[in-house]
Amino acid sequence: MARKILIVDDEPNIVISLEFLMKKEGFVVAVAGDGDAALEQAAAFRPDLVLLDVMMPKKSGYEVCEQLRGDPSQGDLKIVMLTAKGRESEVAKGIAIGADAYVTKPFSTKELVARVRTLLGMA
Amino acid sequence: MNHSRLTAQRLAALFLLGCALFNYPLLALFNRAAEIFGIPLLYAFLFGSWLVLILLMALAIERRED
Amino acid sequence: MLQQGWVIVLVSFAYLGVLFAIAYQADRRADSGRSLIAHPTVYALSLAVYCTTWTFYGSVGRAAATGIGFLPIYLGPTLMLALGWFVLHKIVRVAKANRITSIADFVASRYGKSQLLGGLVTVIAVVGVVPYIALQLKAVSSSFAILTGYPEIVMPARAGAAPLLQDSALYVAIILAAFTILFGTRHLDATERHEGMVAAIAFESVVKLVAFFAVGLYVTYGIYDGFGDIFDRAQEVPKLAKLMVTADTAASYGSWAALTFLSMLSVLLLPRQFQIAVVENVNEAHVRRAVWLFPLYLFLINIFVLPIAIGGLLHFQGGGVDADTFVLTLPMAHQQEALTLLVFIGGLSAATGMVIVETIALSTMVCNDLVMPVLLRWRALRLHERQDLSGLLLEIRRWAIAVILMLGYLYFRLAGEAYALVSIGLISFAAVAQFAPAVIGGLYWKGGTREGALAGLLGGFLVWCYTLLLPSFAKSGWLPEQFMTQGLFGVELLRPQQLFGLTGLDEISHCLFWSLFVNLAAYLGVSLLRAPDAREARQASLFVDAPRQRGELAGWRGGVRVADLLPMAGRFLGPERAREAFERHARSRGFAGLDALPADAELVHFAESLLAGAIGSASARVMVASVVQEEPLGLDEVMNILDEASQIRAYSREVEQKSRELERATAELREANERLRELDRMKDDFISTVTHELRTPLTSIRAFSEMLHEDPKIELAERSRFLGIIVGETERLSRLINQILDLAKLESGRAEWTSTEVDLAEVVRESAASMTQVFRDKGVTLDLDLPPGAVVVLADRDRLVQVVINLLSNAVKFAPAGRGRVAAAVAVDRGLAQVTVADNGPGIHASEHERIFEKFRQGGQDVLTDKPQGTGLGLPISRQIVEYFGGRLWVESEAGKGARFKFTLPLQDTR
């Protein structure tokens, strides 16, 4: 069974690139443009992993991450935070609220894919 | 500054000299019925030492060290 | 000729006229700034006011009785002048710094500006000096009487024997009073200085020296054949030979030393000496010459004393002629009419000099330290409400002069005959010697207190009264004889001139010993009972540390206005003089005038010292305090002000004030610190935001590039779409970088501007045209409302286009897609060109109206709901541009009702 990945970012071009990348790797992909949509999709789509942008309107990636972690039904969900703000403190914050990985923009596509595979136990 | 202090010390010394000159016992030395150059000794001594004292005071205070 | 009384009177008045002319001239010169007396020699000569008729007539009398015994009175001052560099110099400096106007003022000021102390010193000075004034009256009147007998030598009748209205001494007193009033109280000077008087006194010193020298030369070389001849003749007369030596006893040397010491103090402490040497001193440096010139003067005026005395004794053998009159009677006996007249003038000059300066000094003290303090406390007089008190002050002084001279005359009638001239003078010397502990001690010892000074002065004065003044009445028969011989209430131990059985001293030494013993013991003993309080300590340090701290301010606190101080000073000095003084003060501190003068501690101090000149330092303190504390002046208030408690109150007020200021400063500091931290945070945020904004397009670019690079099998359509995104993101990145650089340039002021005449309507039209496609894409309508003609402003055209495009793109960004409406308008209003860009978007909450002009605020959390495509730098940049050209950019909006961005620019006048 193909693994499912939810891509959350408010930058359309980044969404396009990630979607293309993940589909090419054989994942089933869904996208969301903001935090609220991300939570809806997470419930409906039941992804195995979320690529989650931090800086978004309406609801930030941190809030989304916290809410997902607070949901027992999403216990196996892996969360990868994406951020353009590469500060140490933000990385720490992301890990502290339960993110499995933290990737700084701009990222290397190869590394991102490798990271996702590792987290899903596919490597 | 230094000069002014020196002046002050000289004047103080002259004051002490004057106190000594114009009082017992120096006074008693000259309190005799004698004359010098036809002038009574006590009279000559007092006026003489007085004048010298004044001259020294003038010298002390008006002298400018160059 | 001389036997005609009127000739003598005429000559006397002529002489007084000359004196007055000199004084008048000197005053005029002083007013025009070319002081006649600003010369060290004049200062030294004026000090010779020390030599009165006592010297002129009395020394010869003393010499005839005791030989060399007249000399200590002049040796003492010589010694004091040797110390002048320390003592006199210091007193002058202290007095100048504190605007001291008399010796009473000096003592009062030193011990915490005590009115009581000033009053006591005044009383002692007046009582003590009255005999001395009597001496002058006696000398002048008897010399006049003798002169009218010319060429017969007839000793005048006993003092007080003549009926009152035929007593020449009375007329002498009246004339001298009138003359002194004319001389010394024509106007009021804050410094209490009388340049005219000083000039006249210096002149008199020359006159009396010349006159005495003339007699001396005449007697020594005219009548006899030089010094040697006189002394040889004296040796032949056993009685005279004794004069060449003094008694070789301890008592004799003791009284010699006592007189030397007494005169040492007197040359400094006699009110007139203090007046001339300290108050009238125009320049500290003048002391330098006086140190030797004044003793030299004393030396010269004494050279011929003994020859004249011996000459007189030889000539008038068998007595009948008072030795005190030899100076006058010797030339008379040889029918030297002109010389006789010169001598009379010399004696008159010695008397007038003394009387003028002494009574002026005393009247100042009586007025400032005795009468004014009482009047000011006397509520019923309502003096504190009087506008100009200077007239009253002069009036008081005139009366004081008259009363003092009348007291002198009274003493002359009562006790004048019992004593020789010198003995009367010594009574006064002993009185003023009582000031020594308080003055000299106060100058070098900080421990003295008000009570100590009071106790010392009072004790010494009472002893003086008992051992010297009362006996002088007793000897004249005005007190019972038993008082002298059997003591008070018949108690032997209390015999006034053998007090507690002390015998073997002459009456002066006896009095000097007991009075100074009691005085010093009380001064030290009482002073040591307690430590000086704050005010005493402050004054003590002003006096004792004088050479070290010049111009140090006595601390004053409390609110005060120039407008309060000036009228108050005007009441005492006269409005004109006060105003001039204040203006001088303002200029000396580098202010343009009165208006610029701050009402600070220095001004208060100045006003106080200015007033001190008119009414004494103690009264001045009370007056200034009444204004400074803004309280009506009354006894209670005055007592309050003088009370130590008020100082503490003022002090605690000051502390309170200071702590409030400190709190304020702390708050300001905290705020500034907060602001700094905020700025720091903003800078951090800015960098973080810039980083984010730059990384976002970079992320897309890198992702697509890598994918295209690694997977050559991507379809052509995909490939070209991805490349399009890369190009777009690259453009976005460039734009962002350009704007950041643009803003940096604007902010640092390094931007390049061109300023030309620009038609604002044209700018808006052109900007709108370039945006047509954007509007069309989003389905937003754009309405333009432009005036028909040109709206010309002076600006950089491209920059204005940048602003308008920025506003239009913001508007289209926030206008709802499909039904959005944007309106751009140009209008002219009151010399300003105004551009408005309005949209029907979500609007901006009032709290955000300013924040949207901050950098990257668009990225902020609450400002915008949709993430716009802008960089967040457009509005800050636009505002910078508009403001550069002298305009203003702002927004008017309410949430939900759209936004209207407006900017104005000054209209360029094209005509």
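The values are calculated or read from the model by the stated rules, or taken from the named source; none is laboratory data. If you're wondering where the values come from, they're calculated on a predicted model, not measured in any experiment. Neighbour counts run over all protein chains shown; Cβ positions are idealised from the backbone, glycine included. SASA here: full protein model, heavy atoms, side chains in, ligands and nucleic acids out. Shrake-Rupley method; radii C 1.70, N 1.55, O 1.52, S 1.80 Å.
In a reduced charge model with +1 at each Lys and Arg Cβ and -1 at each Asp and Glu Cβ, the stretch C:656-748 shows a dipole moment near 100 debye about its Cα centre. Counted by Cβ distance under 14 Å from B:Tyr43, the other residues give a net charge of 0, where Lys and Arg count +1 and Asp and Glu count -1.
Cα-Cα pairs above 17 Å in the stretch A:82-123: how many percent? Across the stretch A:82-123, Cα pairs with separations above 17 Å total 35 percent. Backbone amide hydrogens, once placed in the peptide plane, bring C:Thr449 within less than 5 Å of C:Ser527, excluding anything fewer than 5 places away on its chain.
If you plug the beta carbon distance of C:Asp785 and C:Arg579 into 1/(1 + (r/R0)^6) with R0 = 56 Å, you get a FRET efficiency near 0.25. The per residue volume of the convex hull around the alpha-carbon atoms of the stretch C:440-530 is 104 Å³. Computed over the Cα atoms of the stretch B:2-62, pair by distinct pair, the Kirkwood hydrodynamic radius stands at 12.6 angstrom. For chain C, the longest principal axis of the alpha carbon atoms and the long axis of helix C:5-31 meet at an angle near 20°.
As an equivalent ellipsoid, the stretch C:481-537 spans semi-axes of 33, 12, 8 angstrom, where each value is the square root of five times an eigenvalue of the C-alpha gyration tensor, largest first.
Hydrodynamic analysis of the stretch A:7-123 uses the Kirkwood radius over alpha carbon pairs. Inserted into Stokes-Einstein at 37 °C and 0.692 mPa s, it gives a translational diffusion coefficient of 234 µm²/s. Computed from label points 7 Å out along Cα-Cβ, the spacing between C:Gln773 and A:Glu66 is 4.4 nm. With the convex hull drawn over the C-alpha atoms of the protein assembly as shown, the volume per residue is 305 Å³. Here each label is just a point 7 Å from Cα along the line to Cβ, and for C:Leu741 and C:Glu715 those points are 4.0 nm apart. The length gained by stretching the chain between C:Ala21 and C:Ser705 to full extension, at 0.36 nm per residue less their Cα-Cα distance, is 234.8 nm. Each 20 Å bin, from zero up to the one with the longest distance, holds this percent of the alpha carbon pairs of chain C: 12, 31, 17, 11, 12, 11, 4, 1, 0.
Rolling a 1.4 Å probe across the protein heavy atoms gives chain A an accessible surface of 43 Å² per residue. Probing with 1.4 Å while keeping every protein chain in the model, the per residue accessible area of the stretch C:723-810 equals 51 Å².
Helical content alone sets the calculated 222 nm signal of the protein assembly as shown at -20000 deg cm²/dmol, taking -39,500 (n - 2.57) per DSSP H segment of four or more residues and averaging over every residue. For chain C, excluding the exposed loop sites themselves (GluC sites (Glu not before Pro), DSSP loop, at most 10 other Cβ atoms within 10 Å), the longest remaining stretch covers C:153-714.
Report the FRET efficiency, 1/(1 + (r/R0)^6), for B:Leu59 and C:Leu669, where r is their Cβ-Cβ distance and R0 is 56 Å, rounded to 0.05. Between B:Leu59 and C:Leu669 the formula returns 0.30. For trypsin sites (Lys or Arg not before Pro), the sites in the stretch C:700-807 that DSSP calls loop and that have at most 15 other Cβ atoms within 10 Å are C:Lys713, C:Arg750. Globularity index of the stretch C:756-906 is 0.98 (Cα radius of gyration / 2.2 N^0.38 Å, N = number of residues).
With a Förster radius of 22 Å applied to the beta-carbon distance between A:Glu111 and C:Thr730, the computed FRET efficiency rounds to 0.45.
With Rh defined as the Kirkwood radius, the inverse of the mean 1/r over Cα pairs, the Rg/Rh of the stretch C:160-314 is 1.05. When chymotrypsin sites (Phe, Trp or Tyr not before Pro) are flagged only if DSSP places them in a loop and at most 13 other Cβ atoms lie within 10 Å, the longest unflagged stretch of chain C comes out as C:1-377. Kirkwood hydrodynamic radius computed over the stretch C:731-818 comes to 14.7 Å, based on all pairs of distinct alpha carbons. Based on alpha-carbon atoms, the Kirkwood radius and the radius of gyration of the stretch C:679-737 give Rg/Rh equal to 1.18. Think of chain C as a dipole: +1 on every Lys or Arg Cβ, -1 on every Asp or Glu Cβ, centred on the Cα centre; then among C:Ser263, C:Leu328, C:Val140, C:Leu328 lies furthest on the positive end.
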